[in-house]
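A.B. asks: I'd like to ask you about the structure that follows.
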Ligand SMILES: Nc1ncnc2c1ncn2[C@@H]1O[C@H](COP(=O)(O)OP(=O)(O)OP(=O)(O)O)[C@@H](O)[C@H]1O
Ligand SMILES: Nc1ncnc2c1ncn2[C@@H]1O[C@H](COP(=O)(O)OP(=O)(O)OP(=O)(O)O)[C@@H](O)[C@H]1O
Ligand SMILES: [Mg+2]
Ligand SMILES: [Mg+2]
């Protein structure tokens, strides 16, 4: 135990995080790299006269973090919505010895954090085309939940695999599709190893990641928890102010391409970073409980008891506002971004303007981001599906959504057809 | 020390090898055991050494035999040397087990090796020695142990006449006064060494040959 | 078949055991090899069997020896039986290797076991047999093989006088006309069986004892 | 009597576990969070009523047996070859020795990318797991084989092949069966890694699944099931081993 | 000459791999998605310039050595005891045999719950991995030991302890070293499972992390590193084994 093992003047704090789950960077990778937590603890130390020693542990999923928290070896952790619920239900038995969710790291109000991708050569256009085929998902993860809800009557065989195992299976052709959470879909699509079949935003159900703390730790070291939340707020503000720099830090620490991190964590990105435990998000968590119970992953969970926003209220004034504080400026429905080789990313007012700029500038394109015309999901312009609508060209994340609006163009065709 | 075997019965599961066999050996007596192949000579020696379970009783100096002891040494018919120890270290072994200090025991082992004619071979592993040489290392090892009862199972079977003669001399000298059971098929050897010859056979007859022996030894 | 050993030199790394040794054995001749313990008798037999590398030449019926062959069988001084095969299956082994059908080879093996006096022990594993019994199984195995050259390394060393005599009779009968090298320390045996005795020694002297033999055999 | 002792010792372990976990003992080792025997037994009782449980058992057993049999044949064959042929030994040992310590889980991506179907990949991983212990034990057993038996059959005119089948194989059986027993154990300890590929069923898959949702009684039911299956399969190997090595001198003492 | 062959054989394997992967061969086995040798070497070149790489090496080596040494001592001791004492054998074998096949990964949650620190848990898992092969090989080696050596020293008055140290241990060394070599290999194949606990560093941890971002060259660099370390440590065990078993008859033939 770390909190209770605090002996003398040294207070150990163990933080568990998932570097690759980039929706949690403000409580993990970025926070660690910027040293905000250590700085704040140093300040606190001056007042309390204690020294604080932070240990960071990086895991690939939420399960080991929960396991370590049950064992009393991790004090503060961060993970996605379903793992959060499992964490809460497993520790609920322990009563006051259990855990509490104290903050959100990031969320997507429509659910675009989860997607289904297929190999580039796949002929499938909609989920229904997967009927009778094998789809890889991590059962009990948010990606799985999205898949099940979106499938409706379509019958598929779910291969329950870890995300990385599923990615291998997708590449080898042993499964027809992969349903996963951030950053898998973006990463596979960016590496041209997959294309997007289904965007979770179509479900319009929020998905989120959050921070949990071990109750005994929160009670014994309330000021440390407070400083953690302050530091998480520091990291969130830094990400809002310096999205590119933040993306580069995360990319370097995780080995993910910066273009993928910037897709999710950049301005108007798929992930909105905000600590507030908004009521829509609480409701989303409660709505997930029956699903997890139905597949036998949890017994019961009192979400209201599990969520504790008192510590957070000491740190900030929570908000219910759903707009992304990291903004590109202009109309968030159309604001796009283009990133030429050797230059910094620059905002463009609309997808059509972006096409024109790319074609006319003659510069080599590194990556470009456009918002889906329907859901607003930020996506790679080159992997988007384009439809002409009057004088305008509209991007869609999936071919199925685009086809409903007219003839579907590739990025290259869209470039060629944009007005001079 | 006197050795008394009373109603000894030894069986190996499917066959009874010795049944109701008795033998008395006086202190310091040298008894030759003879008999046809497979009659149970080795079995008798192993029983006295305490290496096989038996029915009946065996006593040495009044003490019942319950298991092996350093007082009853056995020269095995098969090769009983430890293959990972050189000749000299095999001879050192009983001394080491008796707690003789390292330098002393090496000197004594080398001396015994010399007496069986193996000076120069002390660093050879058993697999580098000839059959007769290995028998002599075993002999040296047993003599170095200085037990009060010596059991020898065809110890000179692989030796040429000349080497055998000098080993016989050695044994006669060293084991003088030591109670000994000695298995051999060589009649001359039996006559030369034995105070008495016991012939195991189908009926486990014991034949006294004291008269003959007395005549020859005179 | 005639056997010619020319300038044979065998060494084991640290020691040269035989050097520049020559020997001629005529077809069907029975040569006894004798000599002090460790002089190289077993080494000579192993060289002729093709089991150790050597310098010089060994030819059998004009063919140079390059490795082991079924024409040159060896009765080992140590126990050469396969411990996982029963007595009869050990005797069957050379027959099996020669492709004799299963039923036939069992019958023949049983017959050979009978001739060495081991009827009733065919299902015993080697570890269940006495030393002399194992030697006889080895003998049966070699005779069953019917090689054209037989090499025997003290095959009767562990046998009592009576059994030894009957084995000698057997060998004389069966190996009549077979070229044989026979190591023994028993002078009577040498005289009885050998057409000629070769004594290996420090100088590898060869001593003809034909005269004596002729007198005894007459 | 012996069976009483054997079963009794298992019972003692269970009682100890129950006591330690139920009393939340925390003396250096911490038993407070581990599930109690009663919890596990309850879960087990539920599991054995579910058809899926038997499906898992069958699937895992089949995979392990396939991988193990392949490994037994190839491991013994290559072990003998490497130990006896200096040339082939020098050729094959370096790559094999470098591949040998590679973790079973690290083979998961390779197995998926290399093999057309999941089942092949799973069998491949169990094969690799069992293969190396068998190979190494066989190699060591061949090295320790006395030379006289081989010399004996060679003077009977045995060919290299006959020496292998008449002497080397039977003579090394005690060591080889040691390797087979270890190989069977290692195949089971890699069953989770292998079945990570599976995505649908198998005891290892189910156990890992329980862990990903931090369901400890589920994990322990999986472990007990694997322990039981592993015990049975190893016991079968050991029994067979005992039967074919009855000739060992020590066997007379039992 | 022998070294040329040994290194040559590794080179041939590498060239083959490069050819198969670079040409995207897909003939039953599918090499098209695997990284080429060149990609892996490039990544390796980057890795060996990073201080963290050496930190990982050191950490994993330390953990493996600690677990292995513990396993060697306990495995040999218990293996001998179980093989020689019928009573203790009946008592200890059932629980041990049931625990033996339990997957290393399945021990991860247990190790987390049971041990106060992560390092202890990691060493525990490597210990368990190496322990059973050593135990089983020792047990089999003791069973195959000729009886005559023991009889010989007992007639010299050796105590049970002396029989163990003078006969059983040296006599079983060939088999025990087979077990140690296998145990070392199995300890490495479980290093990823063990270091899943770590969350911070270690070669196994790093390899698994590379896989969680589907970085195949990174995974293969990890596998090669583990292969190399495993090779070196097993080679050390084998070398030591060869030195202490020079007395084997077959050693004269080398
Ligand atoms: N593997 C070996 N390594 C080294 N030296 C050996 C080896 N085998 C035999 N020797 C040596 O060769 C010599 C002759 O051995 P060999 O077995 O041929 O003797 P032998 O005449 O058969 O003796 P014995 O009558 O005692 O059986 C001995 O001095 C022995 O030490
Ligand atoms: N382990 C065993 N299992 C079964 N029978 C055995 C065992 N050991 C010995 N025997 C039998 O016991 C009998 C006597 O064997 P023992 O070795 O005592 O004979 P021996 O008189 O020493 O013969 P030899 O002169 O040939 O050495 C033999 O018939 C043998 O088959
Ligand atoms: Mg005998
Ligand atoms: Mg000899």
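A.B. asks: When the convex hull of the Cα atoms of segment B:79-192 is projected onto a plane and the area is averaged over all directions, what value comes out in nm²?
C.D. replies: Projected over every direction and averaged, the Cα hull of segment B:79-192 covers 6.8 nm².
A.B. asks: Further, regarding this structure: In nm, give the distance between the simple-model label positions of residue C:63 and residue A:399, each being 7 Å from the Cα along the Cα-to-Cβ direction.
C.D. replies: Each label point is offset 7 Å from its Cα along the Cβ direction, giving 7.6 nm.
A.B. asks: Beta carbons within 10 angstrom, averaged per residue: use that to sort the peptides A:186-192, E:234-240, highest first.
C.D. replies: Going from most to least packed, we get A:186-192, E:234-240.
A.B. asks: Moving to a separate point now. Seen from all sides and averaged, what is the projected area of the convex hull of the Cα atoms in the protein assembly as shown, in nm²?
C.D. replies: Average projection, Cα convex hull of the protein assembly as shown: 60.1 nm².
A.B. asks: If packing is taken as the average number of other Cβ atoms within 10 Å across a peptide's residues, how do A:247-256, C:111-120, A:132-141 rank, most packed first?
C.D. replies: Ranked from most to least packed, the peptides come out as A:132-141, A:247-256, C:111-120.
A.B. asks: Just checking the output field for E:27-34: average partner chain Cβ neighbours within 10 Å of each residue's Cβ?
C.D. replies: Neighbouring Cβ atoms belonging to other protein chains average 5 per residue here.
A.B. asks: Shifting gears a bit: Limiting things to C-alpha atoms, what are the Rg and the maximum Cα-Cα separation (Dmax) for segment A:264-325, in angstroms?
C.D. replies: Both quantities, over Cα of segment A:264-325: 14.3, 39 Å.
A.B. asks: Return the ratio Rg/(2.2 N^0.38 Å) for chain A, where Rg is computed over Cα atoms only.
C.D. replies: After normalising by residue count via 2.2 N^0.38 Å, the value is 0.99.
A.B. asks: Using the basic label-point model (7 angstrom from Cα toward the beta carbon), what is the residue A:287 to residue D:3 distance in nanometres?
C.D. replies: Placing both labels 7 Å beyond Cα along the Cβ direction yields 6.0 nm.
A.B. asks: Which residue fluctuates most in the GNM of chain D (Cα springs below 10 Å): D:242, D:26, D:84?
C.D. replies: Looking only at D:242, D:26, D:84, the largest GNM fluctuation is found for D:26.
A.B. asks: Pick from C:178, C:163, C:142: which is most flexible by mean-square fluctuation in a GNM of chain C where alpha carbon atoms under 10 Å apart are linked?
C.D. replies: Residue with maximal mean-square fluctuation among C:178, C:163, C:142: C:163.
A.B. asks: Something else now. For peptide D:131-142, how many partner chain Cβ atoms fall within 10 Å of a residue's Cβ, on average?
C.D. replies: Taking all residues of D:131-142 together, the mean is 6.
A.B. asks: While we're here: Among D:216-222, A:43-49, how do they line up from the highest to the lowest mean number of other beta-carbon atoms within 10 Å?
C.D. replies: D:216-222, A:43-49
A.B. asks: Which order results if E:96, A:113, B:95, D:29 are arranged by neighbouring Cβ count within 10 Å, fewest first?
C.D. replies: By the 10 Å Cβ count, ascending: D:29, E:96, B:95, A:113.
A.B. asks: Right, here's the next one. How far is residue D:49 from the same spot in each other copy, in nm, shortest first, if each label point sits 7 Å from Cα toward Cβ?
C.D. replies: Computed spacing set for this position: 6.4 nm.
A.B. asks: Follow-up. When each copy gets a label point 7 Å from Cα toward the beta-carbon at residue C:19, what are the spacings between them in nm, shortest first?
C.D. replies: With the label placed 7 Å along Cα→Cβ, residue C:19 yields 6.0 nm.
A.B. asks: Find the chain B residue whose Cβ sits closest to the rotation axis that carries B onto C, and give that distance in whole Å.
C.D. replies: Output: B:157, 2.
A.B. asks: Return one number: the angle in degrees, 0 to 90 and rounded to the nearest 10, between the long axis of the Cα atoms of helix A:351-361 and the longest principal axis of the Cα atoms of chain A.
C.D. replies: Rounded to the nearest ten degrees, it is 70.
A.B. asks: For chain C, compute Rh as the Kirkwood radius over C-alpha pairs and then the Stokes-Einstein diffusion coefficient at 20 °C and 1.002 mPa s; write the answer in µm²/s, rounded to an integer.
C.D. replies: Taking Rh from Cα pairs, D becomes 120 µm²/s.
A.B. asks: Looking only at segment D:1-27, which residues have a backbone nitrogen under 16 Å from a spot 7 Å from the Cα of residue D:242 in the C-beta direction?
C.D. replies: D:1-7
A.B. asks: Now for a separate question. Treating the point 7 Å from Cα along Cα-beta-carbon as the label, what are the nm separations from residue D:244 to the other copies, to one decimal?
C.D. replies: 2.9
A.B. asks: Just for the Cα atoms in segment C:80-146, what are the lengths along the principal axes, largest first, rounded to whole Å?
C.D. replies: 30, 22, 19
A.B. asks: Next question, about the same structure. When a/c is below 1.5 the answer is rounded, else prolate if a/b is larger than b/c, else oblate, so apply that to segment A:146-298 with a ≥ b ≥ c taken from the square roots of the Cα gyration tensor eigenvalues.
C.D. replies: Cα axes put segment A:146-298 in the oblate bin.
A.B. asks: Next up: Any chance you could give the angle, 0 to 90 degrees and rounded to 10, that helix D:203-212 forms with the longest Cα principal axis of chain D?
C.D. replies: For D:203-212 against chain D, the angle is about 40 degrees.
A.B. asks: Give the average, rounded to an integer, of partner chain Cβ atoms located within 10 angstrom of each Cβ in C:130-139.
C.D. replies: The per-residue average across the peptide is 4.
A.B. asks: Quickly estimate the mean residue ellipticity at 222 nm for chain B, helices only: each DSSP H run with n ≥ 4 gives -39500 (n - 2.57), and the total goes over all residues, rounded to 500.
C.D. replies: -11000 deg cm²/dmol
A.B. asks: To continue, here is another question. State the dimensionless ratio Rg/Rh of chain D (Rg: radius of gyration of Cα atoms; Rh: Kirkwood radius).
C.D. replies: 1.05
A.B. asks: So for E:86, A:110, C:141, fewest C-beta neighbours within 10 Å to most, what's the order?
C.D. replies: Least crowded to most crowded, the residues run E:86, A:110, C:141.
A.B. asks: Report, to the nearest 10°, how far helix D:169-189 tilts away from the longest principal axis of the Cα atoms in chain D, using its own Cα long axis and a range of 0 to 90°.
C.D. replies: 20 degrees
A.B. asks: Nearest 5 is fine: what % of DSSP beta bridges in chain A come out antiparallel, could you say?
C.D. replies: Of those bridges, close to 70 percent are antiparallel.
A.B. asks: Based solely on its DSSP helices, what 222 nm [θ] is calculated for chain D when runs of n ≥ 4 H residues each add -39,500 (n - 2.57) and the sum is averaged over all residues, nearest 500 deg cm²/dmol?
C.D. replies: So the helix-based figure for chain D works out to -25000 deg cm²/dmol.
A.B. asks: How would E:184, D:65, B:1 line up from fewest to most surrounding beta-carbon atoms within 10 angstrom?
C.D. replies: By the 10 Å Cβ count, ascending, the order reads D:65, B:1, E:184.
A.B. asks: What nm value, rounded to one decimal, do you get for the distance between residue E:85 and residue A:364 when each label is placed 7 Å out toward the C-beta?
C.D. replies: Result: 7.4 nm between the two label points.
Readers should treat all values here as calculations from the given coordinates under stated rules, not as data from a laboratory. Small disclaimer: the values here were computed from a predicted structure and weren't measured. Because the Cβ atoms are built from the backbone with ideal geometry, glycine has one as well, and the counts that use them run over all protein chains shown.
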